[in-house]
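S.K.: Next up is a structure, given as structure tokens.
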Amino acid sequence: MVITARYEYLVPGHEDDGRYYANQIVKNWGNQYFQEDAYSPAKFLGEGPCKSRVDVVTLDAQPFLYVMDGIQKAGAEAWVRIEEAGDEQIIRTAMQNAGLQTDKMRFFVAPGNAFWYRDCGPICFYYGDDDKIGMLDFFYGYTRPCDDLLPSVLRWKFGMRNFFSDLIWEGGNCLVDGIGGLVTSTATYRQNTDTIGRLHWDGINPATIKYDERQPLYPVDVKFTLANLLGQRQTTIVPTLNYDGGTGHIDLYLDATDENAFYMAQMPENYDWWSDYDISVGNTAILFNKKSFFGRQYYNNASLPFPSKNDGSGWESEEEYGKVARTYANHLICNGYILQPCFSPVGEDGMPTAEWDRKNIEKMKSYYPGYTFYCIDMRTFDGSGGSIHCITKQIPADNPVRIIHKDIFGKVNPVIPKSTDPSYIPFSTIITNKSGIKEASLCYTTDGNQWHEVKLAANGNCWHADVPLSAFTGGQPIPAEGIQVSYYLTATSNNGKTVTKPINAQKGSLYDFTITCAVEYDKNMFDYATEPAPVDQIKFIMAKDLIREDTSVEPTGIIEVKSEWSMVNGQWSMNKWYTINGMPLAQKPTAKGIYIYNGNKVVIK
């Protein structure tokens, strides 16, 4: 899981004067500002040198440290971006002093602008017969060029292939069902009207910074690109909310849970006079009329709770809410954990201390059974337009075992054959792994205590079983109220990896349905073909004409350019004198080679 530490960017000579600050453009160079007080507008002082200082002590910094801790407690590695190598020890010490975990952290040095890594980070995918991990690198926009570089940094540091797209798109506006279904918002149309492209410079002299000219894209071009990259089966673009904090991102109110369902945060009916209430209702109708890979409408498992003010009261207007834009939906699912935003101090029991906030988290837990909730007070993010999901970016696991399943839910009726064969309930699932699948099973219970296992038979990548009705009834008639069945699937690959679906099945996250005594059965509910699924329908297929592979060298800024030096009268001299951050090189090199100045690589040839 990728995240950055929180940084302050300061104006040299005014490091301890809180009225001065900078927005870094490239390493150690940015826009300088002066603000007399919190209520006066900031004055732009022009471009100039800036310096970074890692923040581990302010309230603003605390969510980042706790997210790093939660990622590790979930069993994953936290890949942390830092500005300088020495910042690693500062972060580790601060976390250890706070009793937080630090043994599953990897640090990498790279320049940055902000911390919205969901948006600038890569969108990862598996490709090839051996499920290699690749990255799609969309243009983040010209205002944060260092962050736009993040996928290239990850490619160089960790060896994953990276593919550029010229589409401006932010990861917070991307939700997928894992099988070619994509949901995004119309904010993408607006962003792609920009005519300023990527930043280039020589890696040394800020005077060489320039921007490409970019051809704006029409909505039809945007949708075509999305539909041929991530939304190959189905691309859904819903209207943007007016008061969501300004981003237009769907991850503020929508969560993709699996290939069958989404969770959506619904505004309470007492806000039905808000314009965003009507848009939200309309978006719900659009999304849940779309069909999943299995030809069945997505279903909305829940209506996620809607946050309140600090005292638990409601919002006076949508304008007031939009200035804060709190959300419970913008959480991070990491293995069996959910790193969950809350809006009051977290107590020793790991739950928020405000009664209204605790009640909402309890409701969230009921929607995500089996998950361990790791609550983080995110009030310092009020008004920022994002939360935990927005500052993190997941990198998929190696050696995936994929289970694609049309789950059985609600009231279902057994298949009653015309022959003398017994009635049965059909189960079927698609399972894949690069080494192949050794075995797969259905595990079910009718009383919550005794579990039964049924081995699934394989037909290519489709695994299935027809379970006799008597296995669920014990040979007895179906009672009027029906028989409650809970189940999960498990599979083991030939290379020894075992997974369950749902992932937290053994902690109570299960599929549930009720067997009724009707004569007919609902084929659309749970019965589908047991033939193998075509690979091109369940695997990612790149539209190669819309992307180009990243072949950049190690990023030292945005684009590294070799400086030209020549010998003049026995002395090395630059053909054009370059400086770093407005300051001349400390000394001229005496020979060709690679020199390091303030962490910047200078190649002399």
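S.K.: Please enumerate the residues belonging to the stretch 119-133 that are β-branched (Val, Ile, Thr) and touching a Gly at 6+ places or on another chain (Cβ under 8 Å). Can you show your working first?
M.R.: Filtering the stretch 119-133 for residues β-branched (Val, Ile, Thr) gives 123, 133.
Residue satisfying the conditions is Ile123 alone.
S.K.: I've got another one for you. Take Asn23 and tell me if it is open to solvent by 20 Å² or more (accessible area, probe 1.4 Å) and in contact with a Gly (Cβ under 6 Å, 6 or more places away or on another chain). Let's see the steps before the verdict.
M.R.: Details: open to solvent by 20 Å² or more (accessible area, probe 1.4 Å): yes; in contact with a Gly (Cβ under 6 Å, 6 or more places away or on another chain): yes.
Here the answer is yes, as Asn23 does meet what is asked.
S.K.: Do any strands (runs of 3 or more DSSP E) entirely within the stretch 448-520 hold 1 or more residues that are in contact with a Pro (Cβ under 8 Å, 6 or more places away or on another chain), and if so, which? Don't jump to the end; show me each part of the working.
M.R.: Working: elements: 452-455, 457-459, 462-468, 483-493, 498-501, 511-515.
Once the strands (runs of 3 or more DSSP E) in the stretch 448-520 are filtered for at least 1 residues that are in contact with a Pro (Cβ under 8 Å, 6 or more places away or on another chain), what remains is 457-459, 462-468, 483-493, 511-515.
S.K.: Which ones in the stretch 310-335 are more than 21 Å from the chain's Cα centre (by Cα) and closer than 16 Å to Gly385 by Cα? Steps first, please.
M.R.: So in the stretch 310-335, the residues more than 21 Å from the chain's Cα centre (by Cα) come out as 310-324.
Residues satisfying the conditions are Glu318, Glu319, Glu320, Tyr321, Gly322, Lys323, Val324.
S.K.: Turning to a different aspect of this structure: For the stretch 18-38, which positions are under 18 Å from Val54 (Cβ atoms) and not in a strand (DSSP E or B)?
M.R.: If the condition is that a residue be under 18 Å from Val54 (Cβ atoms) and not in a strand (DSSP E or B), then Gly18, Lys27, Asn28 are the ones that fit.
S.K.: Residue under question is Arg190, and the condition is that it be charged (D, E, K, R) and either buried (at least 23 other Cβ atoms within 10 Å of the Cβ) or at pLDDT below 95 (or both); does it hold?
M.R.: Working: charged (D, E, K, R): yes; either buried (at least 23 other Cβ atoms within 10 Å of the Cβ) or at pLDDT below 95 (or both): no.
For Arg190, the condition - charged (D, E, K, R) and either buried (at least 23 other Cβ atoms within 10 Å of the Cβ) or at pLDDT below 95 (or both) - is not met.
S.K.: Restricting to strands (runs of 3 or more DSSP E) lying wholly in the stretch 160-211: which have 2 or more residues that are β-branched (Val, Ile, Thr)? Let's see the steps before the verdict.
M.R.: Values: elements: 161-168, 181-185, 196-200.
The qualifying strands (runs of 3 or more DSSP E) are 181-185.
S.K.: Still on this model: Exactly one of these conditions fails for Tyr253: (1) open to solvent by less than 30 Å² (accessible area, probe 1.4 Å); (2) over 22 Å from the mean Cα position of the chain (by Cα). Give me its number.
M.R.: (2)
S.K.: Of all residues in the stretch 64-75 being among the small types (Gly, Ala, Ser) and under 16 Å from the mean Cα position of the chain (by Cα), which is farthest from Tyr374 (Cα to Cα)? Walk me through how you get there before you give the answer.
M.R.: Pass one, the stretch 64-75, residues among the small types (Gly, Ala, Ser): 70, 74-75.
Narrowing further to those that are under 16 Å from the mean Cα position of the chain (by Cα): 70, 74.
Numbers: Gly70: 7, Ala74: 9 Å.
Within the stretch 64-75, the match that is farthest from Tyr374 (Cα to Cα) is Ala74.
S.K.: Here are some residues: Ala78, Ala61, Ala98, Ala110. Which one is over 20 Å from the mean Cα position of the chain (by Cα), modelled with pLDDT of 95 or more and open to solvent by less than 20 Å² (accessible area, probe 1.4 Å)? Reasoning before the result, please.
M.R.: Values: Ala78 fails: over 20 Å from the mean Cα position of the chain (by Cα); Ala98 fails: open to solvent by less than 20 Å² (accessible area, probe 1.4 Å); Ala110 fails: modelled with pLDDT of 95 or more.
Matching residue, one of Ala78, Ala61, Ala98, Ala110: Ala61.
S.K.: Which of (1) open to solvent by 50 Å² or more (accessible area, probe 1.4 Å); (2) in a loop (DSSP other than H, G, I, E, B); (3) farther than 30 Å from Gln537 by Cα does Leu241 not meet, given it meets every other one?
M.R.: Among (1) open to solvent by 50 Å² or more (accessible area, probe 1.4 Å); (2) in a loop (DSSP other than H, G, I, E, B); (3) farther than 30 Å from Gln537 by Cα, the lone unmet condition for Leu241 is (1).
S.K.: Sticking with this structure for a sec: State whether one or more residues within the stretch 14-23 are in contact (Cβ under 8 Å) with a residue 40 or more places away in the chain, more than 18 Å from Val80 (Cα to Cα) and not hydrophobic (A, V, I, L, M, F, W, C).
M.R.: Going residue by residue through the stretch 14-23, those that are in contact (Cβ under 8 Å) with a residue 40 or more places away in the chain are 23.
Next cut, more than 18 Å from Val80 (Cα to Cα) only: 23.
Next, from what is left, pick out any that are not hydrophobic (A, V, I, L, M, F, W, C): 23.
Yes: one or more hits.
S.K.: In the stretch 385-441, what residues are polar (S, T, N, Q) and free of Cβ contacts under 8 Å to residues at least 40 places away in the same chain? Show your work before the answer.
M.R.: Residues of the stretch 385-441 that are polar (S, T, N, Q), as a first pass: 387, 392, 394, 399, 413, 419-420, 423, 428-429, 432-433, 435, 441.
Hits for the stretch 385-441 are Ser419, Thr420.
S.K.: If you don't mind, another one. In contact with a Lys or Arg (Cβ under 9 Å, 6 or more places away or on another chain) and of a type in the set (A, V, I, L, M) - does that describe any residue in the stretch 27-38? Spell out how you get there, then give the answer.
M.R.: Filtering the stretch 27-38 for residues in contact with a Lys or Arg (Cβ under 9 Å, 6 or more places away or on another chain) gives 28, 33-37.
This time we only want the ones that are of a type in the set (A, V, I, L, M), so: none.
No, that holds for no residue.
Listed here are the residues, each with its yes/no results for (1) open to solvent by 40 Å² or more (accessible area, probe 1.4 Å); (2) of a type in the set (A, V, I, L, M); (3) at negative phi.
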{"site": "Leu10", "(1), (2), (3)": "no, yes, yes"}
{"site": "His14", "(1), (2), (3)": "yes, no, yes"}
{"site": "Gln35", "(1), (2), (3)": "yes, no, yes"}
{"site": "Ala38", "(1), (2), (3)": "yes, yes, yes"}
{"site": "Pro41", "(1), (2), (3)": "yes, no, yes"}
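S.K.: Which of the following residues is under 17 Å from the mean Cα position of the chain (by Cα), β-branched (Val, Ile, Thr), closer than 24 Å to Leu510 by Cα and outside any loop (DSSP other than H, G, I, E, B): Ile338, Ile404?
M.R.: On the way: Ile404 fails: under 17 Å from the mean Cα position of the chain (by Cα).
Going through Ile338, Ile404 in turn, just one is under 17 Å from the mean Cα position of the chain (by Cα), β-branched (Val, Ile, Thr), closer than 24 Å to Leu510 by Cα and outside any loop (DSSP other than H, G, I, E, B): Ile338.
S.K.: Hey, another quick one. It is to be established whether one or more residues within the stretch 316-333 are outside any loop (DSSP other than H, G, I, E, B), surrounded by fewer than 21 Cβ atoms within 10 Å (Cβ to Cβ) and touching a strand residue (DSSP E or B) at 6+ places or on another chain (Cβ under 9 Å).
M.R.: Yes: the stretch 316-333 contains one or more residues that are outside any loop (DSSP other than H, G, I, E, B), surrounded by fewer than 21 Cβ atoms within 10 Å (Cβ to Cβ) and touching a strand residue (DSSP E or B) at 6+ places or on another chain (Cβ under 9 Å).
S.K.: Among all residue pairs at least 6 apart or on different chains, which show Cβ distances below 9 Å where the first residue, located in the stretch 474-496, is farther than 18 Å from Gln450 by Cβ and open to solvent by less than 50 Å² (accessible area, probe 1.4 Å) and the second is of a type in the set (D, E, K, R) and not in a strand (DSSP E or B)?
M.R.: Between residues of the stretch 474-496 that are farther than 18 Å from Gln450 by Cβ and open to solvent by less than 50 Å² (accessible area, probe 1.4 Å) and residues that are of a type in the set (D, E, K, R) and not in a strand (DSSP E or B), the close pairs are Ala491/Lys497; Ser493/Lys434.
S.K.: Say whether the condition of being out of contact with any Asp or Glu (no Cβ under 8 Å at 6 or more places or on another chain), closer than 21 Å to Gly121 by Cβ and part of a helix (DSSP H, G or I) is met by at least one residue in the stretch 380-398.
M.R.: yes
S.K.: Would it be correct to say that Glu362 is assigned to a strand (DSSP E or B), open to solvent by 40 Å² or more (accessible area, probe 1.4 Å) and not β-branched (Val, Ile, Thr)? Spell out the reasoning first.
M.R.: Numbers: assigned to a strand (DSSP E or B): no; open to solvent by 40 Å² or more (accessible area, probe 1.4 Å): yes; not β-branched (Val, Ile, Thr): yes.
For Glu362, the condition - assigned to a strand (DSSP E or B), open to solvent by 40 Å² or more (accessible area, probe 1.4 Å) and not β-branched (Val, Ile, Thr) - is not met.
S.K.: For the stretch 334-345, which positions are without any contact (Cβ under 8 Å) to a residue 40 or more places away in the chain and buried (at least 19 other Cβ atoms within 10 Å of the Cβ)?
M.R.: Keep residues of the stretch 334-345 that are without any contact (Cβ under 8 Å) to a residue 40 or more places away in the chain, which gives 338, 342-345.
Scanning the stretch 334-345 gives Ile338, Cys342, Phe343, Ser344.
The values are calculated or read from the model by the stated rules, or taken from the named source; none is laboratory data. Note that the structure is predicted; figures quoted are calculated from it, not measured. With ideal geometry, Cβ positions are generated from the backbone for all residues, glycine too; neighbour counts draw on all protein chains shown. Calculation scope for accessible area: heavy atoms of the full protein, side chains included, ligands and nucleic acids excluded. Shrake-Rupley method; radii C 1.70, N 1.55, O 1.52, S 1.80 Å.
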